[in-house]
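Here the structure is laid out as structure tokens; the discussion comes afterwards.
The values are calculated or read from the model by the stated rules, or taken from the named source; none is laboratory data. Bear in mind the structure is a predicted one, so any value in this text is a computation, not a measurement. Please note: Cβ atoms are built from the backbone with ideal geometry, for glycine as well, and neighbour counts cover all protein chains shown.
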């Protein structure tokens with residue numbers, strides 16, 4: 001399993017970084033949108049849709065939403081805000097799982113809307129961070145991607161070596177509080193070093209804002225991971241899919257990014273970093 005994960009990561013990483021650096025914004029949006037449609041297909045199974053026509057109809061709905069978001073991308077903060085609000089709300093859902101969602105399972109239309117709130121703002125925000133201030137700055141986008149990876153790697157290493165206390169045992173029994181803390185600490189170091197280079201903060205105040213924002217984005221990346229895991233457990237699934245050997249599905253790989261990307265894009269916009 002570990003070897004499969006490593007091989008898959010080594011294949012995907014150059015492709016993702018190459019697209020982030022070289023693809024024009026529209027092509028980058030199409031590439032990310034294609035991945036989003038694969039995630040939407042996985043989400044239809046988690047929703048409980050069985051018939052192929054219903055699942056394909058949801059794909060068409062997602063594609064239409066992505067197209068519409070691109071056409072009105074100048075209003076992207078308004079599209080991203082509901083996503084950020086959902087993930088903040090999810091933070092309060094996690095402690096009460098599974099009882100809260102089992103008692104009040106969202107109806108199918110609400111689940112369909114939730115998938116759009118997950119996927120469309122994330123994809124739009126990723127491209128928006130690349131198009132900062134009307135320019136072309138792939139380093140900002142890569143900073144956010146690497147921030148999520150740093151939170152994941154730091155959590156894995158700290159949890160493996162020091163993990164004792166479960167973070168959310170009813171959602172993801174393997175995650176520990178020590179692991180989460182390790183991931184957050186690594187992100188602070190990353191923000192102070194890589195963030196200083198990418199954003200060139202003017203003084204200690206701006207650097208502190210960047211570190212605080214990065215810490216918040218990293219914390220929400222953990223919420224994103226746990227939030228998607230809640231719905232996988234409700235659906236009785238271990239993984240969202242089998243597309244990526246050793247990793248599971250697309251949603252398994254981007255769950256943290258679903259929460260972190262809108263938060264980071266809005267934070268950078270509001271703080272003018």
Flagged in the range 13-27 as farther than 17 Å from residue 148 by Cα and part of a helix (DSSP H, G or I), in numbering order, are 15, 18, 19, 21, 22, 25, 26, 27
Looking only at residues that are over 18 Å from the mean Cα position of the chain (by Cα) and touching a residue at least 24 places away in the same chain (Cβ under 8 Å) in the range 50-64, which one is nearest to residue 12 (Cα to Cα)? 63
Across the range 66-114, the tally of residues that are surrounded by 15 or more Cβ atoms within 10 Å (Cβ to Cβ), more than 24 Å from residue 25 (Cβ to Cβ) and touching a helix residue (DSSP H, G or I) at 6+ places or on another chain (Cβ under 7 Å) stands at 10
Only one residue in 219, 155, 191 is in contact (Cβ under 8 Å) with a residue 12 or more places away in the chain and more than 30 Å from residue 96 (Cα to Cα), so which one is that? 191
Hey, residue 240 closer than 21 Å to residue 170 by Cα and either without any contact (Cβ under 8 Å) to a residue 24 or more places away in the chain or part of a loop (DSSP other than H, G, I, E, B) (or both) or not: yes
Test residue 175 against the criterion of being within 21 Å of residue 258 (Cα to Cα) and in contact with a strand residue (DSSP E or B) (Cβ under 8 Å, 6 or more places away or on another chain), and give yes or no. yes
When the range 258-273 is checked residue by residue, the ones that are surrounded by fewer than 22 Cβ atoms within 10 Å (Cβ to Cβ) and in a helix (DSSP H, G or I) are 266, 267, 269, 270, 271
Conditions (1) at pLDDT 95 or above; (2) more than 20 Å from residue 117 (Cα to Cα); number of the one not met by residue 242: (1)
Out of 220, 147, 226, I need the residue that is at pLDDT 95 or above, surrounded by 22 or more Cβ atoms within 10 Å (Cβ to Cβ), touching a strand residue (DSSP E or B) at 6+ places or on another chain (Cβ under 8 Å) and assigned to a helix (DSSP H, G or I). Which one? 226
